[in-house]
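The next block holds one structure in the form of structure tokens; read it before the comments.
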Amino acid sequence: MSRHGFLKPVAIALFTSITLAGCGGGGGGSDDNTSNPPNGGGGGGSTGPTYTAGVYENADNFAGRCENPRNYNDINGNPYNDRQGSILYENHFLRSYSNDTYLWYNELPDLDPGNYNDPIAYFELLKTNAVTASGAPKDQFHFTYNTDDYEKLSQAGVSVSYGIDWALLQSAPPRKLYIRTIEPGSPADAPEANLTRGVKILQIDGVDVEYGNDVDTLNAGLFPSAIGESHTFTVQDVGSNTTRDVTLSAIEVEYDPVPIVDVFNTASGKVGYMLFNDHNFVSEDRLFDSVTQLRDDNVTDLVLDLRYNGGGLLYIASELAYMIAGSAATDGRVFNEVRFNDKYPNINPVTGQRLESTPFYNGISSNSDKYPGGTRLPSLDLDRVFILATSATCSASEAIINGLRGVDVEVILIGSTTCGKPYGFYPTDNCGTTYFTVQFDGVNDKGQGGYSDGFTPMNEPSAPGILQNGCYVIDDLSTPLGDINDPMVAAALNYRIDGSCPVVTQVASFGVQPFRGSVSGAQTVSNGGFGSTADMISQMINYTDPHKKAD
């Protein structure tokens, strides 16, 4: 039972961040809506609760008291618990809920709800204005989403797509769009398409990608919504100066979360390589089998490629961390411990349950489709791991880095600074808007966390985040993923020999942002700022944990 009666059961929480300027706010409104309304209204002069500075009533007193109550059911067929209220009630709910659950509640301004005509605009102001060590906003993770759209986004099924993982190097003009990866067996992998990683997209259905104003056509082409939907792409192949047209039709595509597992035979031993793209339910069995293969091949080192892994299930991250480190390093140790604000040292204020840390799980979960629950996980028993990372390495992937740091497994970071998502929240619906406000952070066995500026390889020129041993290397889309000539793989193998890094000859102007047209929607091409809200939802840490019994 939730502590707050208004909260519909939600099993997910998100670690979210925005790594480009101008991304904040999601669905937030303009400050133009926040001037004093007539009659002191907060909703056109409606009567309702009164404001007293410094006094906060229970949020339950205001929840579901809506200006426009919903009289229909949610995506699961359950009715919403809305009743007639007003914008004033909606604003009071946001004020009380934020004061109760916001991680930095003591840094919030105390604003009279009656002075604001738009709950979303009011919510935008209910966050800290502090900054991180790099000067970035401390809270870059505060946004809203229409509840109907959020339910569709978060509960959708198999992806309708071409099997392409897009790489958007710049979202606003002049845009730069490439193919990052192609799913084997998908329409994009067909011989007649002849597409490869690194192909540049110049036009979509005749609209110029770089400067075109018709962003609706661009986004419709990138993210088909129905099976059989076709769009034409004008492309430029890697190393070519000519262009050609390719027409692709969407199908239901199931992405392999562990598409590449390989072993490099070096003079100093066998080095395993594993490309891991998604902490989803399917990945559990795939990781079990992949690590078993590497263990049986007697690898002495591991290159774990997380450069495009935006996050997912935390228990999967815990299992993989155990499979890397083994029992000697992890038995009885904490992988991740969630901390809410100082009002709730022992209780989750949203669910009402006692706080319980996530250990390093050494057995497979009951969700496995292949193995009995509790089957011992294979392990490599390594005291170091080479992790390939970019700004698309987020949330659960960063939890692997932080969790291993907590048990003294050396993480050697190759690539660039990770996205920086040490915080999380429970999506909370009220009156048709789902609100995301930072409610907790996560720390490792040593109490280390707070990586809001990400993790950074030691020699990265900008060095914004927590420094890790390793090398700054730009992701080169023109080379095959996992190939020994892939600059990031080559740097890891060379560092393994003598601890040296390649000379930094260029610095990326734009991070290679995750841009997959998958069930999560991903971000969209824009005329101005970065379309970040759907991307943040796609990069979620999911706290559904089959290892733990529900209360």
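The values are calculated or read from the model by the stated rules, or taken from the named source; none is laboratory data. Here the structure is a predicted model, which means the values were calculated and not measured. Quick reminder, even Gly has a Cβ in these numbers, built from the backbone with ideal geometry, and neighbours come from all protein chains shown. Quick note on the areas: whole protein, heavy atoms, side chains included, nothing else; ligands and nucleic acids left out. Shrake-Rupley method; radii C 1.70, N 1.55, O 1.52, S 1.80 Å.
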Checking ARG180, ARG197 in turn, the sole residue that is basic (Lys, Arg), outside the structural domain of SER478 (by TED's automatic domain parsing), assigned to a strand (DSSP E or B) and out of contact with any helix residue (DSSP H, G or I) (no Cβ under 7 Å at 6 or more places or on another chain) turns out to be ARG180
Looking at the stretch 448-466, which of its residues are open to solvent by 40 Å² or more (accessible area, probe 1.4 Å) and over 14 Å from ILE387 (Cβ atoms)?
GLN448, GLY450, ASN459, PRO461, SER462, ALA463, PRO464
In the stretch 467-490, how many are among the hydrophobic types (A, V, I, L, M, F, W, C) and at pLDDT 95 or above?
6
Are any of the residues in the stretch 282-303 modelled with pLDDT under 95 and touching a His at 6+ places or on another chain (Cβ under 9 Å)?
no
Filter the stretch 391-416 for residues that are at pLDDT below 95 and of a type in the set (Val, Ile, Thr) and give the result.
THR393
Looking at the stretch 130-147 only, could you name the residues that are within 15 Å of the chain's Cα centre (by Cα) and either hydrophobic (A, V, I, L, M, F, W, C) or modelled with pLDDT of 90 or more (or both)?
PHE141, PHE143
Pick from the stretch 221-250, criterion open to solvent by less than 40 Å² (accessible area, probe 1.4 Å) and more than 13 Å from LEU177 (Cβ to Cβ), ranking: nearest to the chain's Cα centre (by Cα)
PRO224
Hey, can you tell me all the residues within the stretch 345-367 that are in contact with a helix residue (DSSP H, G or I) (Cβ under 7 Å, 6 or more places away or on another chain) and in a loop (DSSP other than H, G, I, E, B)?
PRO349, VAL350, PHE360, TYR361, ASN362, ILE364, SER365, ASN367
Among the residues of the stretch 320-338, count how many are over 25 Å from the mean Cα position of the chain (by Cα) and farther than 27 Å from ARG354 by Cα.
2
What are the residues in the stretch 233-277 that are more than 21 Å from ILE201 (Cβ to Cβ), in a loop (DSSP other than H, G, I, E, B) and in contact with a strand residue (DSSP E or B) (Cβ under 6 Å, 6 or more places away or on another chain), if any?
PRO259
Could you please find all residues in the stretch 69-95 being touching a Gly at 6+ places or on another chain (Cβ under 7 Å) and over 19 Å from ALA121 (Cα atoms)?
ARG70, ASN81, ASP82, ARG83
